[in-house]
Amino acid sequence: MTEIAKELRAAQDKAVPRGVATKSIYVARAENAELWDADGKRYIDFAAGIAVVNTGHRHPAVTAAVTEQIGAFTHTCFHVAPYEGYIRLAERLNEVTPGAHPKKTMFVTTGAEAVENAIKVARNATGRTAIVAFNGAFHGRTMMGMALTGKVVPYKKGFGPFPAEIYHAPFPKAFYGISVEEAVAGLEQLFASDVDPGRVAAVIVEPVQGEGGFYPAPAEFLRALRALCDRHGMLLIADEIQTGIARTGKMFAVEHAGVVPDIITMAKGLGGGFPFAAVTGRAEIMDAAEPGGLGGTYGGSPIGIAAAHAVLDVVEAENLCGRSVDLGLMFRERLEALAQRNEFSAIGEVRGLGAMVAFELVKDRVSKTPDAALTAAVVAKAQEKGLILLSCGTGANVIRLLPPLTIPMEQAREGLDILESALAEAVGV
Ligand code: PLZ
């Protein structure tokens, strides 16, 4: 660490709670897929602010839209003095989300808040109370978000009690031997032993588990969930907060499976770097709550609305879904080639969907024991060499690659070169 970083770290440790864990990259400036710290050191950004700047840091179109909005008005509260941009963005999301049925959209500020509202709406519309989520899921840090999250340390431990009537079922993970059949059987078991499906308002699922380790839900699993929901009158909520907005090569990851959810939550990529989130659902479901039952002071902030309109324009104009597919292929090919090499036998699996790519680091490929220490070492070495990487996974042993979808190919390759040399140093070759 440099002197500036050391000093800021020390000040942070005194002034900010340690629960708010961070890296020690003190950013001064960022542009597209590059970031410079307070010492002028350059980084290639394979984190994108955790899948937020899919359109790159400070995309000119996003910056221009926000600047123009600041010149007009920055806040009125949609409940007090509504504005056209909110309504037009709702129309756009009703159009681009999967399914031809009538839809409605509301806006909030964070992913967790989108999840909260999806659950509120689902309970109100069905008159049912129970919610099913999955082991390893991540749905946010609010009370309901934590309750739905399927990992205790560090997300839930010591923070309860949580809202009642939340149940967890197994998520299919082929690498760890949990098949789709077993996951579906787990749900049937839940309905037989714990909760009457007639009391379940909704099943909430990430089409690719994000924080939990970048496990794509197999298409047949998502289809089985859709069928189960239809059979029991439960709603299917797709949490597309990390997977949405072109990240997986489609606008929404559920499209890969051809599954139409009843409700979709969005955040991250939608705001292009501004705190912004949305809930889109079947019109009759979204309309169940009484007037005044939904909303908030900042929900649908004019700044976020302007940014999101620009993001949707850029995704289309720059064909970011196509770009996501190309990037994902390039990343996977390179990682799979590394995994073939003897010295990199710690790479247990390479997987992903579009530009949501990850690899699992294990002590060996037989025991598949997660190697969290090696993972932390790779991330640290990459950082030294100027590459920002994020780990994830319930065993903290998965490295995920989440570059802006606008990253120039040569920077993507440069990032992969750094990753390879970080990996080599970490395994000691
Ligand atoms: N649902 C699927 O990925 C946020 C969280 C990082 P917020 N993921 C990154 C951390 O450690 O807090 C996320 C997500 C999915 C919900 C959320 C929550 O979104 O905008 O962070 O509230």
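General observations
- Taking the stretch 214-249 as the range and being within 16 Å of the ligand (Cβ to nearest atom) and touching a residue at least 60 places away in the same chain (Cβ under 8 Å) as the test, the residues that pass are 214, 215, 216, 237, 239, 241, 242, 243, 245, 246, 247, 248.
- Residue check for residue 185: away from the ligand (no atom under 15 Å from the Cβ) and within 29 Å of residue 359 (Cβ to Cβ): yes
- Looking across the stretch 205-243, just one residue is more than 18 Å from the chain's Cα centre (by Cα) and of a type in the set (Phe, Trp, Tyr), and that is 221.
- Options 312, 270; residue that is away from the ligand (no atom under 14 Å from the Cβ) and modelled with pLDDT of 95 or more: 312
- When every residue of the stretch 158-181 is checked against the conditions, at least one turns out to be within 16 Å of the ligand (Cβ to nearest atom) and of a type in the set (A, V, I, L, M).
- Residue within the stretch 113-136 that is among the acidic types (Asp, Glu) and farther than 30 Å from residue 308 by Cβ present: no
- Filter result for residue 297 (polar (S, T, N, Q), away from the ligand (no atom under 16 Å from the Cβ) and part of a loop (DSSP other than H, G, I, E, B)): yes
- Scan of the stretch 247-263 for residues that are among the small types (Gly, Ala, Ser) and over 19 Å from residue 230 (Cβ atoms), ordered by number: 249, 253
- Among the residues of the stretch 250-267, those that are more than 12 Å from the ligand (Cβ to nearest atom) and out of contact with any Lys or Arg (no Cβ under 7 Å at 6 or more places or on another chain) comprise 250, 251, 252, 254, 255, 258, 260, 261, 263.
- Test: residue in the stretch 259-282 that is surrounded by fewer than 24 Cβ atoms within 10 Å (Cβ to Cβ), under 16 Å from residue 207 (Cβ atoms) and assigned by TED's automatic domain parsing to the domain that holds residue 183: yes
The values are calculated or read from the model by the stated rules, or taken from the named source; none is laboratory data. None of the values given here were measured: they were computed from a predicted structure. Note that we place each Cβ from the backbone using ideal geometry, even for glycine, and neighbour counts take in every protein chain shown.
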